[in-house]
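The values are calculated or read from the model by the stated rules, or taken from the named source; none is laboratory data. Predicted model, so just to flag it, every value in this text is computed and none were measured. Glycine also receives a Cβ, built like all others from the backbone with ideal geometry; neighbour counts cover every protein chain displayed.
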Ligand code: SF4
Ligand code: SF4
């Protein structure tokens with residue numbers, strides 16, 4: 001299960017992800033992160049049965065945590081099978097089947113948004 005974590009990095013703040021790993025014992029995979037001197041956003045992956053434990057721990061440490069139930073949203077009726085998303089996706093989420101129809105391996109998605117910008121038919125959107 002993927003969690004989107006937003007946190008501030010003000011003076012005296014402890015490293016939230018490291019502290020959550022230590023306190024919960026859950027191994028956390030960081031899928032992507034954007035962090036500067038004052039704040040950060042990280043997309044993390046944790047085992048499904050432990051995501052609420054990690055979420056509650058991070059929330060208690062001052063982070064804003066969203067559980068993401070799904071990867072990128074695909075509107076098949078708008079897709080023209082152009083393949084632009086296949087070439088730009090860093091996680092090989094997209095592929096063509098034997099009939100050159102687009103298929104998704106949604107569980108690989110790290111919600112980077114690159115395919116949304118690349119799609120010429122607005123067939124891809126970020127989940128709310
Ligand atoms: S959001 Fe990023 S990782 Fe997810 S399908 Fe699009 S390009 Fe691939
Ligand atoms: S870029 Fe958009 S229209 Fe092209 S194959 Fe991907 S989802 Fe379909």
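Could you count how many residues in segment 90-128 are near ligand 2 (Cβ under 9 Å from one of its atoms), surrounded by 14 or more Cβ atoms within 10 Å (Cβ to Cβ) and part of a loop (DSSP other than H, G, I, E, B)?
Total meeting the criteria: 2.
Which of the residues that make up segment 29-46 are within 15 Å of residue 66 (Cα to Cα) and free of Cβ contacts under 8 Å to residues at least 60 places away in the same chain?
Across segment 29-46, the qualifying residues are 30, 33, 40, 41, 42, 44, 45, 46.
Pick out the one residue from 72, 44 that is within 28 Å of residue 18 (Cα to Cα), surrounded by 13 or more Cβ atoms within 10 Å (Cβ to Cβ) and within 11 Å of ligand 1 (Cβ to nearest atom).
Checking each option against the conditions leaves just 72.
So which residues in segment 82-100 are more than 10 Å from ligand 1 (Cβ to nearest atom) and under 11 Å from residue 119 (Cβ atoms), if there are any at all?
Listed by number, the residues that qualify are 82, 83, 84.
Can we say residue 64 is assigned by TED's automatic domain parsing to the domain that holds residue 13, farther than 15 Å from residue 18 by Cα, out of contact with any strand residue (DSSP E or B) (no Cβ under 6 Å at 6 or more places or on another chain) and in contact (Cβ under 8 Å) with a residue 40 or more places away in the chain?
Values: assigned by TED's automatic domain parsing to the domain that holds residue 13: yes; farther than 15 Å from residue 18 by Cα: yes; out of contact with any strand residue (DSSP E or B) (no Cβ under 6 Å at 6 or more places or on another chain): no; in contact (Cβ under 8 Å) with a residue 40 or more places away in the chain: yes.
So residue 64 fails the test.
Do we have residue 22 as farther than 30 Å from residue 120 by Cβ, part of a helix (DSSP H, G or I) and under 18 Å from the mean Cα position of the chain (by Cα) here? Explain how you work it out, then say what you get.
On the way: farther than 30 Å from residue 120 by Cβ: yes; part of a helix (DSSP H, G or I): yes; under 18 Å from the mean Cα position of the chain (by Cα): no.
It is false that residue 22 is farther than 30 Å from residue 120 by Cβ, part of a helix (DSSP H, G or I) and under 18 Å from the mean Cα position of the chain (by Cα).
Inside segment 103-128, can you point out the residues that are free of Cβ contacts under 8 Å to residues at least 24 places away in the same chain and either more than 28 Å from residue 65 (Cα to Cα) or touching a helix residue (DSSP H, G or I) at 6+ places or on another chain (Cβ under 7 Å) (or both)?
103
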